[in-house]
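Asker: Take a look at the following structure, please.
The values are calculated or read from the model by the stated rules, or taken from the named source; none is laboratory data. If you're wondering where the values come from, they're calculated on a predicted model, not measured in any experiment. Positions of Cβ are generated from backbone atoms using ideal geometry, with glycine treated the same way; all protein chains shown enter the neighbour counts.
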Ligand code: BGC
């Protein structure tokens with residue numbers, strides 16, 4: 001009706017922003033490696049174009065800021081690194097792709113929160129200040145997968161990180177998740193500032209781990225080689241295990257009136273492709289059915305949905321993530 005305020009405005013409305021995130025991919029293993037390229041993947045502008053052309057709605061950009069800043073006050077971030085992240089963020093924004101910018105692989109913060117928190121807040125002070133005038137479709141995610149010693153103090157640390165961000169970005173949508181790898185089981189104890197409604201809650205889902213992480217060398221507490229050959233057949237019990245957890249997340253979201261983003265899911269390339277495609281489709285659909293946005297882990301490298309050598313999408317995974325175009 002004429003004269004009515006435009007309630008469809010995206011800013012300040014985390015639910016509307018979450019709709020824009022839709023179906024997305026992680027551009028991981030590049031800026032979150034110790035140095036970009038160290039894990040065999042370097043971002044190129046054409047990848048952003050490929051993501052856009054394919055019809056994905058958004059990207060998540062994992063960044064290891066902690067490795068590119070001073071270790072003592074004022075913890076200055078290397079300006080060359082800032083330039084590189086600016087370039088990546090702009091590659092997304094100039095294509096109207098919403099982008100989630102996070103702090104990823106800050107392992108020292110997980111193991112020594114007391115010793116690292118000053119640096120952590122200083123990083124956010126700089127990142128938030130730097131991007132404060134960027135469009136609303138740039139989102140900040142305070143930290144990927146809080147765990148270890150940090151788990152016990154995540155709630156107060158997160159609140160403080162949010163207040164650091166809010167000083168320069170009062171209206172930007174923030175994405176935050178529960179402890180222990182953003183697992184659904186840890187949603188209940190997650191505390192968010194009650195009056196700040198511009199927050200999307202992010203969960204990660206890699207269950208069952210013996211399937212998704214078979215042969216993964218970075219799983220150190222169990223023998224992931226013993227899991228090799230594990231399939232995901234899509235049996236009732238396999239499906240129920242997922243729907244039970246996703247229903248818990250959806251119920252939490254309703255009770256707390258917060259939108260949900262499935263920020264990571266996928267299966268490692270050592271699993272067989274048929275199982276991976278079946279699993280990926282099931283998880284993607286389960287997320288969308290419940291109104292969650294998602295970011296598949298990941299575009300490139302070990303969980304790849306895109307073959308960077310051949311410059312082609314890996315069909316079975318791609319089809320699992322994006323419904324066929326009409
Ligand atoms: C990590 C990646 C890892 C993936 C699956 C991500 O959060 O950053 O290094 O490959 O989880 O385990």
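Asker: Go over the candidates 59, 51 one by one and state the one that is out of contact with any helix residue (DSSP H, G or I) (no Cβ under 8 Å at 6 or more places or on another chain) and surrounded by 14 or more Cβ atoms within 10 Å (Cβ to Cβ).
Answerer: Just one listed residue meets the conditions, 51.
Asker: Oh, and also: Take the stretch 120-169 and flag every residue that is free of Cβ contacts under 8 Å to residues at least 12 places away in the same chain and either in a loop (DSSP other than H, G, I, E, B) or within 15 Å of residue 65 (Cα to Cα) (or both).
Answerer: The one that is free of Cβ contacts under 8 Å to residues at least 12 places away in the same chain and either in a loop (DSSP other than H, G, I, E, B) or within 15 Å of residue 65 (Cα to Cα) (or both): 133.
Asker: Follow-up question, since we're still on this one. Can you tell me which residue in the stretch 56-93 is farthest from residue 112 (Cα to Cα), limited to those that are outside any loop (DSSP other than H, G, I, E, B) and in contact (Cβ under 8 Å) with a residue 60 or more places away in the chain?
Answerer: Going through the qualifying residues, I end up with 58.
Asker: Checking the condition surrounded by fewer than 20 Cβ atoms within 10 Å (Cβ to Cβ) and in contact with a strand residue (DSSP E or B) (Cβ under 7 Å, 6 or more places away or on another chain), which residue from 192, 209 passes?
Answerer: Among 192, 209, only 192 is surrounded by fewer than 20 Cβ atoms within 10 Å (Cβ to Cβ) and in contact with a strand residue (DSSP E or B) (Cβ under 7 Å, 6 or more places away or on another chain).
Asker: Need pairs with beta-carbon distance below 6 Å; first residue under 22 Å from residue 59 (Cα atoms) and within the stretch 196-221, second away from the ligand (no atom under 13 Å from the Cβ) and assigned to a loop (DSSP other than H, G, I, E, B); sequence gap 6+ or separate chains.
Answerer: 198/12; 198/173; 199/192; 200/259; 201/258
Asker: Please go through (1) more than 16 Å from the ligand (Cβ to nearest atom); (2) outside any loop (DSSP other than H, G, I, E, B) for residue 110 and return the number of the only condition it doesn't satisfy.
Answerer: Residue 110 satisfies all of (1) more than 16 Å from the ligand (Cβ to nearest atom); (2) outside any loop (DSSP other than H, G, I, E, B) except (1).
Asker: Got at least one residue in the stretch 241-257 being within 16 Å of the ligand (Cβ to nearest atom), closer than 30 Å to residue 101 by Cβ and within 21 Å of the chain's Cα centre (by Cα)?
Answerer: The answer is no; no qualifying residue exists.
Asker: Of all the residues that make up the stretch 289-307, how many are out of contact with any strand residue (DSSP E or B) (no Cβ under 8 Å at 6 or more places or on another chain) and more than 16 Å from the ligand (Cβ to nearest atom)?
Answerer: 1
Asker: Okay, moving on. Mind listing just one residue for me: the one in the stretch 94-103 that is touching a residue at least 24 places away in the same chain (Cβ under 8 Å) and either surrounded by fewer than 22 Cβ atoms within 10 Å (Cβ to Cβ) or more than 12 Å from the ligand (Cβ to nearest atom) (or both) and, of those, farthest from residue 202 (Cα to Cα)?
Answerer: 95
Asker: One residue is enough: does the stretch 32-40 have a residue meeting the conditions within 14 Å of the ligand (Cβ to nearest atom), under 18 Å from residue 130 (Cα atoms) and modelled with pLDDT of 95 or more?
Answerer: Scanning the stretch 32-40, I find no residue that is within 14 Å of the ligand (Cβ to nearest atom), under 18 Å from residue 130 (Cα atoms) and modelled with pLDDT of 95 or more, so the answer is no.
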